[in-house]
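**Q** Dropping a structure here in C-alpha cells format, bear with me for questions.
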Amino acid sequence: MQAERAADLAGVPDAFQRLWTPHRMVYIDGENKPTDAGTESCPFCQAPGLGDAQGLIVARGRTCFVVMNLYPYNPGHLLICPYRHVSMLTDLNADETVEFTRAAQKAMRVLAGVSRPHGFNLGINQGAVAGAGIAAHLHQHVVPRWQGDSNFMPVVAQTKALPQLLADARALIAARWAEDD
C-alpha cells in the first residue's frame, strides 16, 4: 500500500527544492576505482596517458603530477599524485618525496593567486579504512577553503554547489602554474 502511494507521488511537486546530482552515483558506486594493486584500472595511472585537458591534469613534473579532483569538495580541489603506483607515503623515494611536497606548496601558491581562498585543507588518507577513495595509489588533497564555504547543503542535502566547471578551473590553474616557475 505504501509503495503504491509513493509511486503515485513520484514527480509530484511539493514544498521541497531539490538539487539532483546523479553524476555522483559513479563515485558512490565505486566506478573507476581500482579493486586491487594493479595499474590497469587505476585512474591515477591512466590520467598521465591522456591529454592535459582530457585527464584534468594541471601540471606534470618528473616524478609527480597535479590533477583536478573529479569529485571536488570545493572549486580548485587538486590532487598531487606520484606517477609510480604506490599506496603509502612511506613508499616514496627521496626524489618523489621532495617533488610531492613541493607540488603541494606550489599548488597552494597557485590557488592563492587564482582564487584567493582564506585557507586550505591538505590531506592524505592512507588506506581505505582511513577514508582513501582510491587507496591503491597515493594522492594528496589540496582543497582551497573560503569563509562560509560549508553551509547547510552538504549537511542536509548531501550536495555541494560548485560554481565553476572542472575544465574552466583546470585551465585557470594550469596557466597560473606555468607562471609560478
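Quick note: the coordinates plus some simple rules give every number you see, no bench work behind them. Note that the structure is predicted; figures quoted are calculated from it, not measured. Note that we place each Cβ from the backbone using ideal geometry, even for glycine, and neighbour counts take in every protein chain shown.
**Q** Placing unit charges on C-beta atoms (Lys and Arg positive, Asp and Glu negative, everything else neutral), compute the dipole magnitude of region 36-179 about its Cα centre in debye, rounded to 20. Present the calculation step by step, with values, prior to reporting the outcome.
**A** Values: 11 positive and 10 negative charges, 92 e Å.
Around 440 debye, computed over region 36-179.
**Q** Rule-of-thumb check for region 36-179: C-alpha Rg over 2.2 N^0.38 Å?
**A** Working: Rg = 14.9 Å, N = 144, 2.2 N^0.38 = 14.5 Å.
In units of the 2.2 N^0.38 Å rule of thumb, it is 1.02.
**Q** Identify, among Val142, Pro117, Leu78, the residue whose Cα sits farthest towards the positive end of the charge dipole of region 36-179, taking +1 on the Cβ of Lys and Arg and -1 on the Cβ of Asp and Glu, with the dipole about the Cα centre.
**A** Towards the positive end, the residue furthest out is Pro117.
**Q** Quick one: which residues, 5 or more positions from Asn121 or on another chain, have an amide H under 5 Å from its amide H? H modelled 1.01 Å from N in the peptide plane, none for Pro or chain starts.
**A** Long-range HN contacts for Asn121: Val143, Arg145.
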